[in-house]
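Enquirer: Structure provided below as structure tokens; questions to follow.
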Amino acid sequence: MTRRSFLMFGIGILTFACGGCGGSPTSPTPSVPFITDNLASVDSVAIVPDTNTLYVGQTQVFSLAVELGPGIPPSGPLPLWSSTNPSVVTVDGSGTATGIAVGEATITVLARGKTATRQLEVVP
């Protein structure tokens, strides 16, 4: 019986015993099938709530409204949030926007290949 080790995703080692493998290496077969055929498509994303004004120093938590097609809801990766003018509005990875200075900025979120934007005005 031969023991072989493979690096899996950079986080650990998978060791398995190979009885009667002969001289040629083979790939391990996953014990659980991957579900890819029935994944729902992401049809659209929208930023909620419908807020367009922030005060300087105010924070607002934004989230996503996602419209899915039929199938199993997809998981990961996390949405990516950004601001066109971080000196006016910052937005962190969880969608929390903060009014920094008077002016205008657009926040954008990218989720599963779909983009949504929201124009924000920061007032004194």
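Enquirer: Restricting region 97-124 to residues that are among the small types (Gly, Ala, Ser) and not in a strand (DSSP E or B), which is nearest to ALA65 (Cα to Cα)? Walk me through it before giving the result.
Expert: Taking region 97-124 and keeping what is among the small types (Gly, Ala, Ser), we get 97, 99, 101, 103, 105, 111, 113, 116.
Those left that are additionally not in a strand (DSSP E or B): 101, 113.
On the way: ALA101: 28, GLY113: 14 Å.
Out of the qualifying residues, it is GLY113.
Enquirer: Let me confirm something: among LEU7, LEU14, which residue is surrounded by fewer than 10 Cβ atoms within 10 Å (Cβ to Cβ), modelled with pLDDT under 95 and touching a Leu at 6+ places or on another chain (Cβ under 9 Å)?
Expert: Working: LEU14 fails: surrounded by fewer than 10 Cβ atoms within 10 Å (Cβ to Cβ).
Result: LEU7 is the single residue among LEU7, LEU14 that is surrounded by fewer than 10 Cβ atoms within 10 Å (Cβ to Cβ), modelled with pLDDT under 95 and touching a Leu at 6+ places or on another chain (Cβ under 9 Å).
Enquirer: Can I ask one more? Taking into account only those residues within region 59-85 that are surrounded by 13 or more Cβ atoms within 10 Å (Cβ to Cβ) and part of a loop (DSSP other than H, G, I, E, B), which is modelled with the lowest pLDDT?
Expert: Selected residue: PRO74.
Enquirer: Are there any pairs, at least 6 apart or on different chains, whose C-beta atoms fall under 6 Å, with the first in region 75-90 and in contact (Cβ under 8 Å) with a residue 24 or more places away in the chain and the second surrounded by 11 or more Cβ atoms within 10 Å (Cβ to Cβ) and not in a strand (DSSP E or B), and if so, which?
Expert: Every condition considered, the pairs that remain are TRP81/GLY95; VAL88/ILE100; VAL88/ALA101.
Enquirer: Do you know which residues across region 103-124 are within 14 Å of THR84 (Cα to Cα) and among the aliphatic types (A, V, I, L, M)?
Expert: Those that are within 14 Å of THR84 (Cα to Cα) and among the aliphatic types (A, V, I, L, M): ALA105, ILE107, VAL109, LEU110, ALA116, LEU120, VAL122.
Enquirer: Which residue is surrounded by the most Cβ atoms within 10 Å (Cβ to Cβ), if the candidates are limited to region 86-124 and must be farther than 18 Å from ASN52 by Cβ and hydrophobic (A, V, I, L, M, F, W, C)?
Expert: Here the answer is ALA111.
The values are calculated or read from the model by the stated rules, or taken from the named source; none is laboratory data. Please read all numbers here as calculations on a predicted model, not as lab measurements. FYI the Cβ positions are ideal-geometry reconstructions off the backbone, even for glycines, and counts take in every protein chain you see.
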